[in-house]
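The values are calculated or read from the model by the stated rules, or taken from the named source; none is laboratory data. What you are looking at is a predicted structure, and each value in this text was computed from that prediction instead of being measured. Using ideal geometry, Cβ is built from the backbone for each residue, glycine included, and neighbour counts are taken over all protein chains shown. We work out accessible area using only protein heavy atoms, side chains counted, and drop any ligands, DNA or RNA first. Shrake-Rupley method; radii C 1.70, N 1.55, O 1.52, S 1.80 Å.
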Amino acid sequence: MKAKEIRQKFMDFFESKSHKIVPSAPMVIKNDPTLMFTNAGMNQFKDFFLGNKEVKVPRVADTQKCLRVSGKHNDLEEVGIDSYHHTMFEMLGNWSFGDYFKKEAIAWAWELLTEVYGIDKDKLYVTIFEGDHTENLEEDDEATEFWKTWIAPERIIPSNKKDNFWEMGETGPCGPCSEIHVDLRSKEERAKTPGKELVNQDHPLVIEIWNLVFIQYNRKADGSLESLPAKHVDTGMGFERLCMVLQGKTSNYATDVFSGMIAKVEDITSKKYTGSYESSASSDIAMRVIVDHLRAVSFAIADGQLPSNTGAGYVIRRILRRAVRYYFSFLDYQEPLLHQLVPQLSEDFKAVFPELDAQQGLVAKIILEEEKNFLRTLESGLKRLDSIDTSTGIIDGRVAFELYDTFGFPIDLTRLIASEKGFKVDEAGFETALTEQRERSKKDAAKAFGDWNQVIDDNESVFIGYGTLEAVSRVLKYRTVKVKDKDQYQVVLNKTPFYPEGGGQVGDIGLLFFGDEKVPVLDTKRENDLIIHFVKNLPEDITLPVKAVVNKTKRKMTENNHSATHLVHSALREVLGTHVQQKGSLVNDKYLRFDFSHFQKVTEEEIAQIETIVNGKIRENIARQAELVPIEDAKKAGAMMLFGEKYGDTVRMVTFDPEYSVELCGGCHVPQTGVIGLFKIIREESVASGVRRIEALTADGAEAYVNDQAKTLAEIKNLFKNPKNIVNQVSGLQDENKALKRQLEKLNSLQANLAKDKLKNSAEQINGLTFIGKKVDLDSSDAIKKLAFDLRKEYDNLFLVLGAELNGKANLTVALSDNLTSDYNAGQIIRELAKEIQGGGGGQPFFATAGGKKVDGIIHAISKARTILDNNQ
Ligand code: SER
């Protein structure tokens, strides 16, 4: 069975059990402060479990792109070494939101595995939660009873909290789980050691394939468990592992999920993949790392996460670098490689995740640039390693850390290079430096979320701010969050006109009135489905009805910029082409910033065209339409959809002329385009390879900008006495300036030659040396230096002392022919002479300079030089 069929059978099976098949959520998470990446299929359903969101469809199933490289679930270091860990993987899952529970979840899992997929029942084992007295949790007898219908009791293994109580993160929905394990060993092996003894023992052929979680609790910030009002099912089956089982392989990497890409790597590097898991099989490990990491990085980029230096972007950058260093060190390949694999990857996955195929060129280009940069860094890191002092035979821990931190060298790479050179790494020192840094960043990032305090018994918080900026509502709940030892207060209202940051648009600010008490709202953000108001302080009586008032000026200006963003998005596609895709957006009351895929600089003419189109649309005064429509209707209307966004069945479609701009957008917009007044692009630049950025102003901001430009121009014109053509005037002035500079240079060199001739005429022979000592009339130290060096070329026994007045100060220069430096030292002489001008100086044995206060002293300094010469007979 091909991977594709395996996936399809899963969907068909759960559809036949009345489940709705939904798309995978993006892998990069935008509105959950507790998670950076989707780490389980259930993330996108968290609010259903917690009761924050009304359940409309109680049974769903899907395949979810997951990434386990940070936080509670992190498999990064295992990848490549064993046969079944990944950074990104697909999780097949079925869910019940307060609908069916253990009985059906268990029965269906068994039916699918043994009847649909035909896995031999004798190879299966299940685990159940054995209970935990520290948490007051009972053994899951219920699950055991249901399992007994299907499987012999001796194949049901009670297991501990670590393996059989599933939690998403430090806080959130959780519950006991029951895992299904499969034993893939040969008959003989199985006869020798019963599979039961190998379950959960990290045996590569006795592995977990499916986890059935019975979500019953919420883990609170204080560590306690709170029972949830309803019981839910959350299952997750590792798709790659399932493929391995059904395709009769002993490694995920041997299935058709990866085989195409591995063959490509073999092709490119001319190395053979042997499928070995010996620790010495470094090229096999490298190939597995490469195909795994490439998939994670490509899909993260396709979901909108560019590699960067912070947060989620940094995690992606590090995964990419890990892959680069594996091919660099173990496949002997020093050119960018990963980007060459993107077409194969996108071909393999386009049926299930078309977002990569649609952006293949861009993703490959971004990866290529990252690879090039890191390969350069790798080289400088290697140079750094070459240059360090290793007289002790040990590479200092701090240096290893610098390589790790600055150059992105994982410690094992440093270790490897060190061992090639016969050095050791001070591992303890490295660990200390690493721990110190971790502590520092923990402190910086430390946020302690307090638990929510419920005020009224309701959970839904509704945004009503499209049409109104004021509302009377009630506080649903509030909490305190400690950020770097400071308290922040957060409040959720049952209905609110405050727009929570999202879709590029900043959150609203404003005021909450509790009776007479005024509480400023500093920001508004969304966390999953809750709209959170960041307030300056908590009111005295939080149970009072609250009047919520949005800051109108800021909101209106922001709306101008948001609507202009839609107008410019269409204009960009019209002028530059439909390859333009939104890659990032920021909209606030001051300006708009828009990032989009495009491979070269946008020219001035193109910018002008774009501005003309947008301003035309503004003058057309097009009325905004905003409506909630089924997603299928939006697609038919040709609405622009963004990769990496999670769209529901019903979407909000914002239209400014159905023929011009139709976008899916939850943001706030002007009632008609005329309100925007004026649109002006003020900057165009590159932000990453293949991604350009524009910044633009609207309304008052644009007007002020244009006025300011006009004012500057008027001032310039004024300086030129208002000529007809100011551009001609300025360029004429530039030409004149150039010509004058050239003339000046000529004159300078003429003057220097004259000075030189004069000096040569004054040369005296003292003690067989040519002595020149004079005050010259030059006005830059560069000119004096040039003169001295010119003279040095003309004599082979020159003793030169020049004095000059530079900017009102005394300046001395001593230059000696090379063959005099055994007897004289210009540096020493100048220090002696400098006393005469009340200053100091220094230099090399053949050339030295000094500066001083006393211009009158120059003459004395020159005579002193002569004395030195006289005395040195
Ligand atoms: N949430 C569980 C897991 O990730 C089952 O989906 O394993």
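Applying the set (1) over 22 Å from Val126 (Cβ atoms); (2) open to solvent by 30 Å² or more (accessible area, probe 1.4 Å); (3) within 15 Å of the ligand (Cβ to nearest atom); (4) not small (Gly, Ala, Ser) to Trp108 leaves exactly one unmet item: (1).
Could you count how many residues in segment 37-59 are within 16 Å of the ligand (Cβ to nearest atom) and outside any helix (DSSP H, G or I)? Spell out how you get there, then give the answer.
Of segment 37-59, the ones within 16 Å of the ligand (Cβ to nearest atom) are 37-50, 59.
Going one step further and asking which of them are outside any helix (DSSP H, G or I), we end up with 37-40, 59.
Matching residues across segment 37-59 total 5.
For segment 128-137, a tally of residues being modelled with pLDDT under 95, open to solvent by 80 Å² or more (accessible area, probe 1.4 Å) and not hydroxyl-bearing (Ser, Thr, Tyr) returns 2.
Can you tell me which residues in segment 18-36 are in contact with an Asp or Glu (Cβ under 8 Å, 6 or more places away or on another chain) and open to solvent by less than 80 Å² (accessible area, probe 1.4 Å)? Of everything in segment 18-36, those that are in contact with an Asp or Glu (Cβ under 8 Å, 6 or more places away or on another chain) and open to solvent by less than 80 Å² (accessible area, probe 1.4 Å) turn out to be Ile21, Val22, Ser24, Pro26, Met27, Val28, Asn31, Asp32, Pro33, Thr34. Contact map, segment 233-256: residues that are within 13 Å of the ligand (Cβ to nearest atom) paired with residues that are in a helix (DSSP H, G or I) and among the aliphatic types (A, V, I, L, M), Cβ distance under 8 Å, separation 6+ or inter-chain. Pairs shown: Val233/Ala105; Asp234/Met42; Thr235/Ala105; Thr235/Ala109; Gly236/Met42; Phe239/Ala3; Phe239/Ile6.
Can you find a residue in segment 94-104 that is buried (at least 16 other Cβ atoms within 10 Å of the Cβ), among the polar types (S, T, N, Q) and either within 23 Å of Arg185 (Cα to Cα) or away from the ligand (no atom under 14 Å from the Cβ) (or both)? Spell out how you get there, then give the answer.
Narrowing segment 94-104 to residues buried (at least 16 other Cβ atoms within 10 Å of the Cβ): 94-102, 104.
Now restrict to residues that are among the polar types (S, T, N, Q): 94, 96.
Then drop every residue that is not either within 23 Å of Arg185 (Cα to Cα) or away from the ligand (no atom under 14 Å from the Cβ) (or both), which leaves none.
No, the conditions are met nowhere in segment 94-104.
Note on segment 46-76: residues that are polar (S, T, N, Q), at pLDDT below 90 and open to solvent by less than 60 Å² (accessible area, probe 1.4 Å) amount to 2.
For the structure I just gave you, tell me whether Ser83 is among the polar types (S, T, N, Q), within 15 Å of the ligand (Cβ to nearest atom), touching a helix residue (DSSP H, G or I) at 6+ places or on another chain (Cβ under 9 Å) and farther than 28 Å from Glu501 by Cβ. Here the answer is no, as Ser83 does not meet what is asked.
Can you pull out every residue in segment 651-663 that is surrounded by 14 or more Cβ atoms within 10 Å (Cβ to Cβ) and either assigned to a loop (DSSP other than H, G, I, E, B) or free of Cβ contacts under 8 Å to residues at least 24 places away in the same chain (or both)? Even if it seems obvious, please write down each step before you answer.
Of all residues in segment 651-663, those surrounded by 14 or more Cβ atoms within 10 Å (Cβ to Cβ) come to 651-657, 660-663.
Selection gives Val651, Asp657, Tyr660.
Out of Pro173, Pro158, I need the residue that is within 12 Å of the ligand (Cβ to nearest atom) and either modelled with pLDDT under 95 or outside any helix (DSSP H, G or I) (or both). Which one? I'd like the intermediate steps shown before the answer.
On the way: Pro158 fails: within 12 Å of the ligand (Cβ to nearest atom).
When all the criteria are applied, what remains is Pro173.
Could you count how many residues in segment 587-623 are closer than 30 Å to Gln305 by Cβ and open to solvent by less than 90 Å² (accessible area, probe 1.4 Å)? Count: 17. Taken over segment 199-257, the criterion of being of a type in the set (A, V, I, L, M) and either over 24 Å from Lys162 (Cβ atoms) or outside any strand (DSSP E or B) (or both) is satisfied by Val199, Leu205, Ala221, Ala230, Leu242, Met244, Val245, Leu246, Ala254, Val257.
Residues satisfying the criterion are present in segment 787-806 (criterion: free of Cβ contacts under 8 Å to residues at least 60 places away in the same chain, assigned to a loop (DSSP other than H, G, I, E, B), of a type outside the set (Phe, Trp, Tyr) and surrounded by 14 or more Cβ atoms within 10 Å (Cβ to Cβ)).
Given the residues Asp818, Asp823, Asp856, which is the only one that is of a type in the set (Asp, Glu), open to solvent by 60 Å² or more (accessible area, probe 1.4 Å) and under 60 Å from the mean Cα position of the chain (by Cα)?
Working: Asp823 fails: under 60 Å from the mean Cα position of the chain (by Cα); Asp856 fails: under 60 Å from the mean Cα position of the chain (by Cα).
Asp818 is the lone residue from the list that is of a type in the set (Asp, Glu), open to solvent by 60 Å² or more (accessible area, probe 1.4 Å) and under 60 Å from the mean Cα position of the chain (by Cα).
Identification of strands (runs of 3 or more DSSP E) wholly contained in segment 492-556 with 2 or more residues that are closer than 24 Å to Gln44 by Cβ yields 517-527, 530-535.
A search for C-beta distances below 6 Å between a residue of segment 151-171 that is over 25 Å from Asn43 (Cβ atoms) and any residue that is more than 11 Å from the ligand (Cβ to nearest atom) and not in a strand (DSSP E or B), counting only pairs 6+ apart in sequence or on different chains, returns Ile156/Thr144; Ile156/Trp147; Ile157/Val199; Pro158/Glu130. Of the residues making up segment 350-398, those that are more than 22 Å from the chain's Cα centre (by Cα) and without any contact (Cβ under 8 Å) to a residue 12 or more places away in the chain are Lys350, Pro354, Glu379, Lys383, Asp386, Ser387, Ile388, Asp389, Ser391, Thr392.
Quick grid of which residues meet (1) surrounded by 19 or more Cβ atoms within 10 Å (Cβ to Cβ); (2) in contact with a helix residue (DSSP H, G or I) (Cβ under 7 Å, 6 or more places away or on another chain); (3) aromatic (Phe, Trp, Tyr); (4) over 24 Å from Asp405 (Cα atoms):
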| residue | (1), (2), (3), (4) |
| --- | --- |
| Ser276 | no, yes, no, yes |
| Phe299 | yes, yes, yes, yes |
| Ser308 | no, yes, no, no |
| Ala312 | yes, no, no, no |
| Ala323 | yes, yes, no, no |
| Leu337 | yes, yes, no, no |
| Gln340 | no, yes, no, yes |
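For segment 285-292, the count of residues that are open to solvent by 10 Å² or more (accessible area, probe 1.4 Å) and modelled with pLDDT under 90 is zero.
Quick check on Lys482: is it at pLDDT below 95, crowded, with 19+ Cβ neighbours inside 10 Å and assigned to a strand (DSSP E or B)? Break it down into steps so the answer makes sense when it comes.
On the way: at pLDDT below 95: yes; crowded, with 19+ Cβ neighbours inside 10 Å: no; assigned to a strand (DSSP E or B): yes.
So Lys482 does not fit the description; no.
A quick yes/no check of all residues on (1) touching a Leu at 6+ places or on another chain (Cβ under 8 Å); (2) within 22 Å of Val57 (Cβ to Cβ); (3) of a type outside the set (D, E, K, R); (4) not in a loop (DSSP other than H, G, I, E, B):
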residue	(1), (2), (3), (4)
Asp82	no, no, no, no
Leu92	yes, yes, yes, yes
Trp95	no, yes, yes, yes
Glu104	no, yes, no, yes
Leu113	yes, no, yes, yes
Trp147	no, no, yes, yes
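Taking segment 196-227 as the range and being more than 13 Å from the ligand (Cβ to nearest atom) and of a type in the set (D, E, K, R) as the test, the residues that pass are Lys196, Glu197, Asp202, Arg219, Lys220, Asp222, Glu226. Whether any residue in segment 177-194 is open to solvent by 10 Å² or more (accessible area, probe 1.4 Å), more than 15 Å from the ligand (Cβ to nearest atom), in contact with a Gly (Cβ under 6 Å, 6 or more places away or on another chain) and in contact (Cβ under 8 Å) with a residue 40 or more places away in the chain is what I want to check. No; the residues of segment 177-194 include none that is open to solvent by 10 Å² or more (accessible area, probe 1.4 Å), more than 15 Å from the ligand (Cβ to nearest atom), in contact with a Gly (Cβ under 6 Å, 6 or more places away or on another chain) and in contact (Cβ under 8 Å) with a residue 40 or more places away in the chain.
Every condition in (1) modelled with pLDDT under 95; (2) under 46 Å from the mean Cα position of the chain (by Cα) holds for Gly768 except the one numbered (2).
Look at (1) open to solvent by 40 Å² or more (accessible area, probe 1.4 Å); (2) farther than 30 Å from Asp332 by Cβ; (3) away from the ligand (no atom under 16 Å from the Cβ); (4) in a helix (DSSP H, G or I) and you find that Ala263 fails only one, number (2). Just to be sure, is Ala699 surrounded by 11 or more Cβ atoms within 10 Å (Cβ to Cβ), among the small types (Gly, Ala, Ser) and modelled with pLDDT of 95 or more? Considered against the rule, which asks whether it is surrounded by 11 or more Cβ atoms within 10 Å (Cβ to Cβ), among the small types (Gly, Ala, Ser) and modelled with pLDDT of 95 or more, Ala699 comes out as yes.
Yes or no: Asp818 charged (D, E, K, R) and touching a Phe, Trp or Tyr at 6+ places or on another chain (Cβ under 7 Å)? Criteria met by Asp818.
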